[in-house]
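Some notes on the structure that comes next.
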Amino acid sequence: MIELSRVCFGYDGRAPLFDGLNARFEDGRIRAVLGPNGSGKSTLLRLCARQLPLTCGTITVGGSASDAPKAFARKLAYLPQSRPVPMISVRSLVAHGRFPHLGMTRKLGARDEAAIDRALALTGMTEAAALDMRTLSGGQRQKAYLAMLIAQEAQHLLLDEPTTYLDVAHQLELCALLRTLRDEGRCIVLVLHDLAQAVALADDVLVLQHGTALYDGPAMQLPDSGVLERAFGVRPVLREGLQFEPL
């Protein structure tokens, strides 16, 4: 579980983005973080991943707020929205997910190779394992990075816009994969812009606006909560599925 208690944060020269935010992301659940641009979605994930320093408050991951970096990396894996494209093979990239588990020699063992193989299989990237990352499409690169995240075998997974670059079929595959990981007991937190997809995929939803939680509860109750009208200026309508129209 990830727990945020009275979290404060602000970028230099700007008003505080978060000022006493409380939230809890539980194991065995998928939590979607929604909100208008600038509401603090990506910043929230970066704070949980220790990519940014807190101004005040605490964030505990698996019951601790002070793990050493390597131990923390065995607990939590973070996939940012934008990433470089290294000059390595897909399998070599996925192997990076095993680094928190390796000793001083950084030599991969049988368990590490098995974790890499499983991650490649789950993401449908086994056949592409030997390919250079630079030769892949945007969607394939996204799947390779997802495989690296899975190979890390962390209990807590943070994903910022994971459906970017994926076509509809691959988005459905990703949703199925995230449900599989959730059913294994993992805590999954992801930032999404697609409101209908968030309601369909997530168990719970956190809606942010100006760093404040407007809604924190079951995904299926979000459309009738009135929060979408306040946060996004849209109303949900049912037309062969959940859709939205401007107010």
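Within the stretch 162-183, residues that are without any contact (Cβ under 8 Å) to a residue 40 or more places away in the chain sit with their Cβ atoms under 8 Å from residues that are among the small types (Gly, Ala, Ser) and assigned to a loop (DSSP other than H, G, I, E, B), at 6+ positions apart or across chains, in these pairs: TYR165/SER137.
Within the stretch 114-133, the set of residues being closer than 19 Å to ALA176 by Cβ and in contact with a Gly (Cβ under 9 Å, 6 or more places away or on another chain) comprises ALA119 only.
When the residues of the stretch 129-186 are narrowed to those that are among the β-branched types (Val, Ile, Thr) and assigned by TED's automatic domain parsing to the domain that holds GLN51, which ends up farthest from GLN197 (Cα to Cα)? Restricting to residues being among the β-branched types (Val, Ile, Thr) and assigned by TED's automatic domain parsing to the domain that holds GLN51, the top hit is THR180. Among residues belonging to the stretch 89-123 that are surrounded by 14 or more Cβ atoms within 10 Å (Cβ to Cβ) and among the β-branched types (Val, Ile, Thr), point out the one that is modelled with the lowest pLDDT. Checking each candidate, the answer is THR123.
What do you reckon, is ILE150 crowded, with 20+ Cβ neighbours inside 10 Å and under 28 Å from PHE232 (Cβ atoms)? No: the conditions fail for ILE150.
Take LEU192 and tell me if it is on the phi < 0 side of the Ramachandran plot, in contact (Cβ under 8 Å) with a residue 60 or more places away in the chain and not aromatic (Phe, Trp, Tyr). It is true that LEU192 is on the phi < 0 side of the Ramachandran plot, in contact (Cβ under 8 Å) with a residue 60 or more places away in the chain and not aromatic (Phe, Trp, Tyr). Here the condition is being at pLDDT below 95 and loosely packed, with under 15 Cβ neighbours inside 10 Å; of PRO80, PRO84, it holds for PRO84 alone. Taking first residues from the stretch 81-97 that are over 16 Å from LEU159 (Cα atoms) and partners that are of a type in the set (D, E, K, R) and modelled with pLDDT of 90 or more, the Cβ contacts under 6 Å between residues at least 6 apart in sequence or on separate chains come to VAL85/ARG134.
The values are calculated or read from the model by the stated rules, or taken from the named source; none is laboratory data. Note that the structure is a prediction, hence the values are computed from the model and not measured. Cβ sites come from the backbone with ideal geometry, for glycine too, and all protein chains shown count toward neighbours.
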